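J.: What follows is a structure written as structure tokens; I'll ask about it next.
Just so you know, all these numbers are worked out from the coordinates, no wet-lab data involved. What you are looking at is a predicted structure, and each value in this text was computed from that prediction instead of being measured. We place every Cβ from the backbone using ideal geometry, glycine too, and count neighbours over all the protein chains shown.
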Amino acid sequence: MIRIGPAGSGGLGNKKGLEMLKSLGLNAMEVEFTYGVRMSNDEAKRIGEIARGFDISLSVHAPYYINLASKAKDKKRSSITRVLEACEKAHWLGAGYVVFHAGFYQDRTSREIYDIIKKETKGLLSELRRKGWAVLLAPETTGKISQFGDLDELLRMRRETGAELCVDFAHLLARGGTIDYGRVLDKLKAIKHIHSHFSGIQYTKKGERRHLKTDRKAIAPLIKEILRRDIDITIINESPDPVADSIMTGKIIESLNG
Ligand SMILES: [Zn+2]
């Protein structure tokens, strides 16, 4: 099954946003805690119930400012707190995936950063078990060369820690300068359900600059590969107009399904 929906609620707030998505036939939404987690557990529970009633699957995006590999101890600690706050809300929302950008290399090697982030990820996972929060940690493939999180790093992290991952196809394009969707999906073969992001993207040699509207010609080849392989996937659109682009994606699926 392919689930599609926007990052955020289209500026309507979560409840009205969910009603709009339902009326548009979309069935996923990522709750954005971009600048901080401000939601009570009761509110999270209520929003989760509405989403379930509409068969809209929820996920959560943790605050942007997170660096689990920060050289500054207080920054590392507040990063961990932010991820856990997002996880708590995700638990009450009934949202499966908690997406976050794990950290920055800051002049260290990929191997060094990998080991640091792996240790922190294991710590987060055991804290989730202790709290009894039923959520999946999903570090995201990142768009800048300076950021930890290429696909191979995150797949290795998944094997070695049991964390999940979020595959941001636009970020993979920005990192690599090119993308072969078939090859990416081959690497994800062992994963039962893929949580992913898509948007247009502007990038330089250093990677991502900003997200752009989704080009039909850019996403159609991905949809073709997904349909050919009968993959179970959620595609969250992160363009500046994520609702319209989600609808457009749904139409591509319909037309390809003939
Ligand atoms: Zn993303």
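J.: Place a label point 7 angstrom from the Cα of SER40 along the Cα-to-Cβ direction, then list the residues of the stretch 1-16 whose backbone nitrogen is under 18 Å away.
T.: Those under the cut-off are 14-16.
J.: In whole Å, what is the distance between the alpha-carbon centres of the stretch 1-77 and the stretch 112-133?
T.: 22 Å
J.: Could I ask something else about it? Does the stretch 2-257 come out rounded, prolate or oblate by the C-alpha gyration tensor, with a ≥ b ≥ c the root eigenvalues, rounded set by a/c under 1.5 and, if not, prolate when a/b is larger than b/c and oblate if not?
T.: oblate
J.: So who's got an amide H within less than 5 Å of the one on ASP232, skipping anything under 5 residues away but keeping other chains? H placed 1.01 Å off N, in plane.
T.: The answer is ILE194.
J.: Share of antiparallel DSSP beta bridges in the chain, in percent to the nearest 5?
T.: Rounded to the nearest five, the antiparallel share is 20 percent.
J.: For the pairs LYS206/LYS251; LYS15/LYS71; LYS15/LYS206; LYS118/LYS144; LYS45/LYS187; LYS16/LYS217, note any where the Cα-Cα span goes beyond 28 Å.
T.: LYS206/LYS251; LYS15/LYS71; LYS15/LYS206; LYS45/LYS187; LYS16/LYS217
J.: Per residue of the stretch 196-209, in order, report the coupling 6.51 cos²θ - 1.76 cosθ + 1.60 (Karplus, θ = phi - 60°) as ³J(HN,Hα) in whole Hz, putting x for Gly and Pro.
T.: 9, 10, 9, 5, x, 8, 9, 8, 10, 4, 7, x, 3, 10
J.: Something else: Size of the dipole of the chain about the Cα centre, Lys and Arg at +1 and Asp and Glu at -1 on the beta carbon, nothing else charged, in debye to 20?
T.: 500 debye
J.: How would you rank 59-66, 36-43, 14-21, highest first, on the average number of other Cβ atoms within 10 Å across their residues?
T.: 59-66, 14-21, 36-43
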